[in-house]
Number of protein chains: 4
Amino acid sequence: MAKRGVRIGLIGSGFMGRAHALGYATAARVFDLPVEPVLAVLADVTEEAARRAAESLGFARATADWRGMLAEVDVVSIAAPNALHKEMALAAVAAGRHVHCEKPLAPSHADCQEMARAARAAGVVTQVGFNYLCNPMLIAARDIVRGGEIGEPVSYRGIHAEDYMADPDAPWSFRHDPAGGGALADIGSHALATAEFLCGPVARVRGELVTVIPERPDGRGGRRAVEVDDIARAHLRFASGATGSVEASWVATGRTMQHDVEVYGTRGALLFTQERFNELHLYASDDPLGRRGFRRIEAGPAHPPYGRFTPAPGHQIGFNDLKAAEMAGFLSAVASGGPEPFGFAAGAGVQGLVEAIGRSSREGGWVEAPAASA
Amino acid sequence: MAKRGVRIGLIGSGFMGRAHALGYATAARVFDLPVEPVLAVLADVTEEAARRAAESLGFARATADWRGMLAEVDVVSIAAPNALHKEMALAAVAAGRHVHCEKPLAPSHADCQEMARAARAAGVVTQVGFNYLCNPMLIAARDIVRGGEIGEPVSYRGIHAEDYMADPDAPWSFRHDPAGGGALADIGSHALATAEFLCGPVARVRGELVTVIPERPDGRGGRRAVEVDDIARAHLRFASGATGSVEASWVATGRTMQHDVEVYGTRGALLFTQERFNELHLYASDDPLGRRGFRRIEAGPAHPPYGRFTPAPGHQIGFNDLKAAEMAGFLSAVASGGPEPFGFAAGAGVQGLVEAIGRSSREGGWVEAPAASA
Amino acid sequence: MAKRGVRIGLIGSGFMGRAHALGYATAARVFDLPVEPVLAVLADVTEEAARRAAESLGFARATADWRGMLAEVDVVSIAAPNALHKEMALAAVAAGRHVHCEKPLAPSHADCQEMARAARAAGVVTQVGFNYLCNPMLIAARDIVRGGEIGEPVSYRGIHAEDYMADPDAPWSFRHDPAGGGALADIGSHALATAEFLCGPVARVRGELVTVIPERPDGRGGRRAVEVDDIARAHLRFASGATGSVEASWVATGRTMQHDVEVYGTRGALLFTQERFNELHLYASDDPLGRRGFRRIEAGPAHPPYGRFTPAPGHQIGFNDLKAAEMAGFLSAVASGGPEPFGFAAGAGVQGLVEAIGRSSREGGWVEAPAASA
Amino acid sequence: MAKRGVRIGLIGSGFMGRAHALGYATAARVFDLPVEPVLAVLADVTEEAARRAAESLGFARATADWRGMLAEVDVVSIAAPNALHKEMALAAVAAGRHVHCEKPLAPSHADCQEMARAARAAGVVTQVGFNYLCNPMLIAARDIVRGGEIGEPVSYRGIHAEDYMADPDAPWSFRHDPAGGGALADIGSHALATAEFLCGPVARVRGELVTVIPERPDGRGGRRAVEVDDIARAHLRFASGATGSVEASWVATGRTMQHDVEVYGTRGALLFTQERFNELHLYASDDPLGRRGFRRIEAGPAHPPYGRFTPAPGHQIGFNDLKAAEMAGFLSAVASGGPEPFGFAAGAGVQGLVEAIGRSSREGGWVEAPAASA
């Protein structure tokens, strides 16, 4: 019996738009999904750009009118510039479409909450692009923590550092717009999402935002002031009582993907870095004396959903596979109508932390995390 | 203008068959191919198995009759058990089809040569599944060696070790059949292919084959003798005069993918391991004193075809992406009718080395590599 | 011509006392010192303990009366429990002796300053045991930073984490006495010293101290409250304008010596971990595209004073060698009467940061670092 | 009660002579030795060189007459050029002195055997400088193998590669003299010693010796032919039935101390590299599924004799400490008159393997290892 088709409408065909398209296509093949994603319409800023992308990515139709597209699809996947996320998502929700939206959902927590409320009211399934959390090794890490394998987690360290803004002559861009949010919103949100994924809700934060490169070329021969953070650091207090820290930087020269995690528990510890994301390092205090050490565990079929991609351990999955796992989770939720763990409410929660850190940076002291309820 | 479609017929839907199907689908999306692969027919041992696989992998039709399929496709992709490779490939070639065949092509060098000759006579494009060589970092390594960046390469070390046969109670299987070839043919062939990829043709070899586990459960309560090698080691003399070694093992407890390479030149060196295959380690003697060291280079758009998969460095590709790059190379050759670097002749060359090592193991001394001409 | 002898009086023969004795002996042999250290007197709590240690460590005389020893020596090396440091150091200074004292100098910044003032007034040479800073690779790191090889340093991360207090049943000890200071004073002081060594003075801090294990066995069947920090975290603002963070933990399960450093500059970066302290990782933005990466530099004669220990690169020095290098620096200063970079004033400076972090933890906001002048 | 003094006479004060002197001095302090080494006489080629070295290293007397020294000492430590080892050692043995001699003992197996027989006849204690085997982590590795923790060892890989001869313009030296032996004798001997240390006696070998740089500057404006091996590779068959390989190279550009070991057993595996010699990596097949991986074990007091140097795990020992442990073993044997595991007979055994590999290289096939009995 043929599976029910789910028509996908994708907005944007840059880095992330392409990753969405590939993700849906691969998800359909490697996961035993209850529905069949159909690459229906691709929208971009011009007809021409949309047409070229649709052809290469396998979409049936191309358009420069994303609003017009809403009537023709079941799901809207938003990979447009951050500033447009809210408008597009609300329109899609209003049309009754399920929505996948890249992070950050919106520049303010209040906007994110509005989006989450609208989605809930409309009864549609939503998801935010926290693809790193779809990694089999981070899922294993979470299971290890929850299962008590490292005892009670007491200390956490999370980092997300890259260097795509390290060059002082990298031009001013939409990412430097205060509405966009800076390094913390752009990639620190990943670090915050991972922290909560592994250790539960964050109760309060104390942070600082730092602008390292105060002005950048404006593309017209002059320079334009940068108001957003290049580096952000925060201390965290989890609801569980555990404490920790996160750091975000997009000026970390030499780093392309330092999404690092260290979790210390009373009877063990976990280390992870996205730089080698097919590995997880586990320490168990009850290994025999003289034989203790961090175990380098390689990803394999024992770590779902790794086995969906290949049955052979150590063969490794890639970034696009993480995105496929993300899209598989979204489509499964769409099929069942069930909740998606990384939906708009979760995205709003992370944005709430981003804002709380910003406020702490301005005011100096600890700031309570906003209540989880959207 | 629509691209010319190339109809794919896939035989086999296990680990490798699935990887082929995913590879074609991803290749079509991420590479700007001159043709469009069409997943036309999937053949497997039973109609039922074929039907299920075709549905999940997106093939239009399923069949249990691989011969019947030949008339309906342009390309045949062979991922069936090794013992059937030759028969299938020759039939496909005879039907004028382009053929991709998993390694080893056939258990004997003579058989491989026969296959290569037949393909050449028929004027079809062929390829053997040396997917590791499609890795951007090994391509970069080859370019570094060829470009003289490490001076004259003088010493080589290659390993391919896994542990899927390490358990003495792992049952006797088709891989233990003398016709199948053992660890050297199964995975040592990768180590040999990489050696020649980086340092050019091997001129002579001296090797030993070792059976570690002399008998295995036969599945009927008894045990059956194992005649093939569990471990193989060989010294190599390259045509260039450089020397080296390779080792293959499928009983390397704890290893899932130790495809390691070390190349030492007169002015630098390269280290690579498939365990972290998005990295390459390069040493340059002309770095300043006190500042020399192996550089851990992370895969990025500067290492084609990495950028086809994602524009962001450090995000990493996975095993299935290597397979997609392999299929892209095959389809490009199909489109142009041009030669494919890892065609049947190359496969025969590697099998010739496998046999030469086997003969050296029996006879004790050095053995010349068979002439490259098929 | 025989060198002038410098008579050493050592107080304490535990872990650190032994390291001092070995350090002096090795320093005399591997460094071309202007003076000859003479292991004269070893003082410990009992005559018997002192006698045994003196014999094994090669001291000429043993005593239980450290005060009486002051008249017989030129230099006093203090490796007694922290609570006694101040009294001993002041007495030694008053007697006109040069003094090496383990860190922390004293539990309060004011006490440390008093010690530094007394030493300066007496015109004696002092040193505090920041042995990690004597590592050739950290010295190279400092030279790289100062020489502008990584451009302007903009971001710093420092960690000192071990697990010797991770077991909740590890008994209450003198280290848990509020006067002792907790993890921050005990090992976080190393992280702070390294931060200033590499990036210059810290101008202000914002920190938090966390007690993870609120009570510990008191050795008499009961439990005793722990008031000191098990974990400390702080944000740093350097006088240069660079920002960073440090973390100290003695409950980091699985870690025995995570003294990690990351320095990001505008044109490069440095990574270091004491876990592999004969290595330094250097990234240079001006390496060619596609060939950039962190270089793993191995310690060798190009990194003084490594060559003092062995002329062969890659052979590695050990912890006791770091201590020997530290003692060599101290003895050289004693010989010349010149200043020692890690003297009491420096120790007071670090203790000032420790206190400032403690105050920030209680008060919540940023705290200025005390002025450097003692 | 004072310990019996053992007067040391050291011949040579270069790299290794210095390491001996430091080794004795440190051994006396950190090991609880039954005797007290006394640095009595240092002999070198000139009085002046000897005097300077004696002063810096703490020897009581200096001489240019090593023969004359024999009457004044109990132990002779030979760190002179390789070509003089035999003459010196035989003279020392004839004088009834215990002898420590650097490797290689002598350029031929027969010479080594003669030395071992002479020492046995004279009843003196001997030792050869296999310092790497004194490493706590290799001792732990041996105990793990012997204790069956990795099951039956079936496969071995050993490497000793450095790059001190990688520069083609490095001048011809005594190490290039055929009597000296080349890379295999110089450092491959370490790889062979480690192989037998971990997996027991080698029964037969098949090897090849390669000269990469055929002539080198002779220091007088011309060039001189090199007849010895720059690289050596061998396949090994252990008496136990296990198989393996070793490789030695002194032209491995970028490597300063690649003394690598991999041991694969039926239920586990061990990895070790001297590049990080305070670590050992252990894999255990019976760790739970999904939690298996190589454990990075850090050296600590659980790995004797580490605790002799420092009680704190993870603080690390250095190369000179390995030498101290070696000297401690020697002095203990001297004190007890008992056998030393790495005595001349063991040195002769390794040299026998070196020669067997050389013969195999000339003749092409397998060569039996000489009988162990000297």
Do you know which of the residues in the range A:46-68 that are under 28 Å from residue A:182 (Cα atoms) and more than 24 Å from the chain's Cα centre (by Cα) is surrounded by the most Cβ atoms within 10 Å (Cβ to Cβ)?
A:49
Select, from A:196, A:208, the only residue that is within 14 Å of chain C (Cβ to nearest Cβ) and in contact with a strand residue (DSSP E or B) (Cβ under 9 Å, 6 or more places away or on another chain).
A:208
A careful count of residues in the range C:195-246 that are out of contact with any Asp or Glu (no Cβ under 8 Å at 6 or more places or on another chain), under 27 Å from residue A:241 (Cα atoms) and open to solvent by 40 Å² or more (accessible area, probe 1.4 Å) gives 4
If you go through the range D:177-211, how many residues are closer than 17 Å to residue D:344 by Cα and acidic (Asp, Glu)?
2
Looking only at residues that are in contact (Cβ under 8 Å) with a residue 24 or more places away in the chain and part of a loop (DSSP other than H, G, I, E, B) in the range A:33-47, which one is nearest to the other protein chains (Cβ to nearest Cβ)?
A:33
Residues (touching a helix residue (DSSP H, G or I) at 6+ places or on another chain (Cβ under 9 Å) and open to solvent by 50 Å² or more (accessible area, probe 1.4 Å)) located in the range D:351-369
D:355, D:366, D:368
I need the full set of residues from the range D:141-150 which are among the small types (Gly, Ala, Ser) and open to solvent by 10 Å² or more (accessible area, probe 1.4 Å), in order please.
D:147, D:148
If you scan the range B:247-265, which residues turn out to be open to solvent by less than 10 Å² (accessible area, probe 1.4 Å) and in a strand (DSSP E or B)?
B:248, B:249, B:258, B:259, B:261, B:263, B:264, B:265
Could you tell me whether the range D:265-284 includes any residue that is in contact with a Ser or Thr (Cβ under 6 Å, 6 or more places away or on another chain) and among the hydroxyl-bearing types (Ser, Thr, Tyr)?
no
Kindly provide the set of residues from the range A:51-67 that are farther than 13 Å from residue A:40 by Cα and part of a helix (DSSP H, G or I), ordered by number.
A:52, A:56, A:67
Suppose the filter is more than 14 Å from chain A (Cβ to nearest Cβ) and closer than 30 Å to residue B:209 by Cα; does residue B:284 pass it?
no
Can you say whether residue C:358 is in contact with a Gly (Cβ under 8 Å, 6 or more places away or on another chain), without any contact (Cβ under 8 Å) to a residue 12 or more places away in the chain and over 16 Å from residue C:136 (Cβ atoms), as far as the supplied structure shows?
no
When you go through C:348, C:325 one by one, which is the residue that is of a type in the set (A, V, I, L, M, F, W, C) and either open to solvent by 10 Å² or more (accessible area, probe 1.4 Å) or within 13 Å of chain D (Cβ to nearest Cβ) (or both)?
C:325
Within the range D:8-28, considering residues that are of a type outside the set (Gly, Ala, Ser) and not in a helix (DSSP H, G or I), the one farthest from the other protein chains (Cβ to nearest Cβ):
D:11
Which of the residues that make up the range B:92-140 are of a type in the set (Lys, Arg) and touching a His at 6+ places or on another chain (Cβ under 9 Å)?
B:103
Only one residue in D:297, D:317 is at the interface with chain C (Cβ under 9 Å from one of its Cβ atoms) and aliphatic (A, V, I, L, M), so which one is that?
D:317
Any residue at all in the range B:244-251 that is on the phi < 0 side of the Ramachandran plot, among the aliphatic types (A, V, I, L, M) and within 14 Å of chain A (Cβ to nearest Cβ)?
no
Identity of the residue in the range C:33-44, surrounded by fewer than 20 Cβ atoms within 10 Å (Cβ to Cβ) and touching a Gly at 6+ places or on another chain (Cβ under 9 Å), that ends up nearest to residue C:334 (Cα to Cα)
C:35
Name the residue, out of A:96, A:151, A:180, that is part of a loop (DSSP other than H, G, I, E, B) and outside the structural domain of residue A:201 (by TED's automatic domain parsing).
A:96
Got at least one residue in the range D:296-303 being on the phi < 0 side of the Ramachandran plot and surrounded by fewer than 18 Cβ atoms within 10 Å (Cβ to Cβ)?
yes
The conditions are (1) open to solvent by 20 Å² or more (accessible area, probe 1.4 Å); (2) in contact (Cβ under 8 Å) with a residue 60 or more places away in the chain, and residue A:137 fails exactly one of them. Which is it?
(1)
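Table: residues versus (1) assigned to a strand (DSSP E or B); (2) open to solvent by less than 50 Å² (accessible area, probe 1.4 Å); (3) of a type in the set (Gly, Ala, Ser).
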position	(1), (2), (3)
A:70	no, yes, no
A:88	no, yes, no
A:91	no, yes, yes
A:103	no, yes, no
A:111	no, yes, no
A:120	no, no, no
Could you list all residues from the range B:278-320 that are among the hydroxyl-bearing types (Ser, Thr, Tyr) and closer than 21 Å to residue B:33 by Cα?
B:306, B:310
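The values are calculated or read from the model by the stated rules, or taken from the named source; none is laboratory data. Just so it is clear, the structure is predicted and the values come from calculations on it, not from any experiment. A quick note on method: Cβ atoms are made from the backbone with ideal geometry, for glycine too, and the neighbour counts reach across all protein chains shown. With ligands, DNA and RNA removed, areas are computed over all heavy atoms of the protein, side chains included. Shrake-Rupley method; radii C 1.70, N 1.55, O 1.52, S 1.80 Å.
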